[in-house]
Amino acid sequence: MLFLVLVCLSLLAVEGWSSYSSRNTYLREANTSTVNMARALSDHAEASLDLVDTILSDVSERFHAGELGRDRQRFHGFLISMTQRTSSLQGLFLFDAEGRWVLNSLPENAPVSNNADREYFIYHRTHPGRAAHVGNPVRSRSSGVWVLPVSQRLDNPDGSFAGVALATVRIDFFKEFYESFDIGNDGTIFLALDSGVFVVRRPFRQADIGVDMSSGPVFKLWKKLGQPTGSAVMVARIDQVERLYTYRHLRRYPLLIAVALSKQEVLARWRTSTIIAATGTLVLLAVLLWLGTRMIGQMMQRSRLQCELRDAKTALEANNAALQLLALSDGLTGLANRRHFDASLDVEFKRAMRDGSPLALVMFDVDYFKKFNDHRGHVEGDAALQMVARAMLAGQRRPGDLAARFGGEEFAMLLPDTDLDGALAVAESIRAAIAALAFPHGASPLRILTVSAGAHSLTPQRGGHPHALIEAADRGLYRAKAEGRNGVGAAPLEDETVSAAQT
């Protein structure tokens, strides 16, 4: 029954993860689409304005070369030709220093007007330099249509203000181009000045032209990121629709283009496929539960006929468990376990007694290990014990040496034919090797994992007991801990007398 439940939960988890991944894929693809469209639209706007700027520069050069005075008719024909050949232009105009129309691309009988009150005219009159200026969108006085003014300053030979050369770009030029993109019913594209003033927006409404959207989410994102391009999921202030936006700032002009797809429309196909997949999964789960329930019933019937087999299996498992208890290695660290250590200590103690040779023992304890477990968790604690075990295995210098896990965070190194100096040297090398690994331990004053060690060596005498060696090494360990940890200690000198008396 548990297996059946796990299978069902696994199917649900896989379906959920698949749905989540599919959703992210749809969003990533939509973001890629908006990034590509924003790049294409910004390139289009940049190329269009570059062309207009080039035409304006030509007009300015002709003016400064005196062509207006020499051949006014030819100059007029040039303006008309440029306007007719450039699909984005509504008209080309020359204004004198008072804002009066001097020449334009309109027919000769066009009404005369004065544009000294326009923002672009005031700008050039107060700002020297011939760089192109992109102004706020205005309704043309000559045709009544909405245009984007692009202008250059005209100077007299002495550098004083002589007037303005103006090119008016049709707003409909951008509108028609933006309508050629498939952005869904609730998608949007807009072109705006750096000041936040809308030039054109799809879906198109004349009321949106010239509206200040500097406090909208796109401009806030642009100002926050400070990057020429960026993407985010935001709710539009103008219609409260949540969309995936990508903005891109033009390289040479104070304009920002933004493309957005409706999040709801982007995820519409995902929702449909998710509903279909979820329905199929639920049907499959229902079938699995029905089949599983029948299978469990049959298994319960068969189990009554298999009592003897189960009893035999239980006995076999018990024997295997008993054999595992006899295993000599520690499952976590791979070192000798306590059972192995005790047996080896007894054998080596008796051998040293027969040979009259010294037997040494080094006890190790991981410093502040309980705090380590509380701070890092038991998984990290196991990793720390394994690291200590590897250092101890590396410290086994002879085949007869035995590294063992004594219990918990305590370890032992049994060293036959070794005096106290040798035991201290082995203990110090292992301690130093562990400290050199700099295993992080935030709860330790040293901020790294360290061990303390206690060493003792004796020559066993008849009547002695191996526990005397363990107790003496333990006292050395306590001494190392009392002296500040991360050190090696030996039992006090008086312990030798106690050991001799015990033996």
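The values are calculated or read from the model by the stated rules, or taken from the named source; none is laboratory data. Given the structure is predicted, the values throughout are model-derived calculations rather than measurements. With ideal geometry, Cβ positions are generated from the backbone for all residues, glycine too; neighbour counts draw on all protein chains shown. Please note that ligands, DNA and RNA were not included when accessible areas were found on the heavy atoms of the full protein model with its side chains. Shrake-Rupley method; radii C 1.70, N 1.55, O 1.52, S 1.80 Å.
Structure values in brief
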| item | result |
| --- | --- |
| Proximal lysines to Lys481, defined as alpha-carbon separation beneath 29 angstrom and excluding residues fewer than eight positions away on the same chain | Lys370, Lys371 |
| Given charges at beta-carbon only (K, R positive; D, E negative), |dipole| of the chain in Debye | 1360 debye |
| Nearest-10 value in Å² for the accessible area of Met1, using the 1.4 Å probe | 140 Å² |
| Positive-end residue, the chain charge dipole about Cα centroid, Cβ charges, pick of Gln152, Phe177, Thr246 | Phe177 |
| Partner aspartates and glutamates for Lys350 [C-alpha distance under 15 Å; skip if fewer than 8 residues away on the same chain] | Asp342, Asp417 |
| Pairwise FRET efficiency - Tyr478 versus Asp311, Cβ, R0 = 51 Å, nearest 0.05 | 0.50 |
| Set of lysines with alpha-carbon distance to Lys263 below 30 Å, sequence-local pairs under 8 removed | Lys175, Lys220, Lys223, Lys224 |
| Relative contact order of the chain, pairs being alpha-carbon contacts under 8 Å that are 6 or more residues apart, as % | 11 percent |
| Under 12 Å from the Val287 label point (7 Å along Cα→beta-carbon), backbone N, region 1-24 | none |
| Area accessible to solvent at Arg294, 1.4 Å probe radius, in Å² | 140 Å² |
| The chain, Rg to Rh (Cα coordinates; Rh as Kirkwood inverse mean 1/r) | 1.37 |
| Kyte-Doolittle mean at least 1.0 and Cα axial length at least 30 Å: DSSP H helices in the chain | none |
| Accessible area, probe 1.4 Å, largest first, for residues Asp342, Asp474, Asp212 | Asp212, Asp342, Asp474 |
| Listed residues Thr188, Thr83, Thr279 arranged by accessible area, highest first, probe 1.4 Å | Thr279, Thr83, Thr188 |
| Solvent-accessible surface ranking, highest first, for Leu469, Leu332 at 1.4 angstrom | Leu332, Leu469 |
| With at most 14 other Cβ atoms within 10 Å, longest stretch of the chain clear of loop GluC sites (Glu not before Pro) (DSSP) | 180-482 |
| Distance from region 28-99 to region 376-447 (C-alpha centre basis), Å | 80 Å |
| Surface accessible to a 1.4 Å probe, His127 within the full protein complex, Å² | 80 Å² |
| Nearest-20 debye value, region 121-211 charge dipole, Cβ charges on Lys, Arg, Asp, Glu | 300 debye |
